[in-house]
């Protein structure tokens, strides 16, 4: 039937401690910032953090998330 939406699927279950990390570049008047979004896939708890500089080690650097 036309206009029917496909059936939505549930998210895959993950073990405790499985985190999803997204990074976005944010343009501001002052310059560029990096937005990190970390989501615990089990509890769906999310944390966001803006940083001025980012490299491959930034998400795991505890001082950048505190």
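The values are calculated or read from the model by the stated rules, or taken from the named source; none is laboratory data. The structure presented is a predicted model; accordingly, all values stated were derived computationally and were not measured. Cβ placement follows ideal geometry from the backbone for every residue including glycine, while neighbour counts extend to all protein chains displayed.
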Inset, instruction - Tell me which of these residue 34 doesn't satisfy, since it passes every other one: (1) exposed (fewer than 10 other Cβ atoms within 10 Å of the Cβ); (2) modelled with pLDDT of 85 or more. - result: (1)
Legend entry - Qualifying positions in the stretch 28-54 - in a strand (DSSP E or B) and over 11 Å from the mean Cα position of the chain (by Cα): 32, 33, 34, 50, 51
Legend entry - Selection count, the stretch 1-27, where residues are closer than 20 Å to residue 58 by Cα and either without any contact (Cβ under 8 Å) to a residue 12 or more places away in the chain or not in a strand (DSSP E or B) (or both): 4
Inset, instruction - Output the number of residues of the stretch 38-52 satisfying the condition of being surrounded by 11 or more Cβ atoms within 10 Å (Cβ to Cβ) and either at pLDDT 90 or above or on the phi > 0 side of the Ramachandran plot (or both). - result: 0
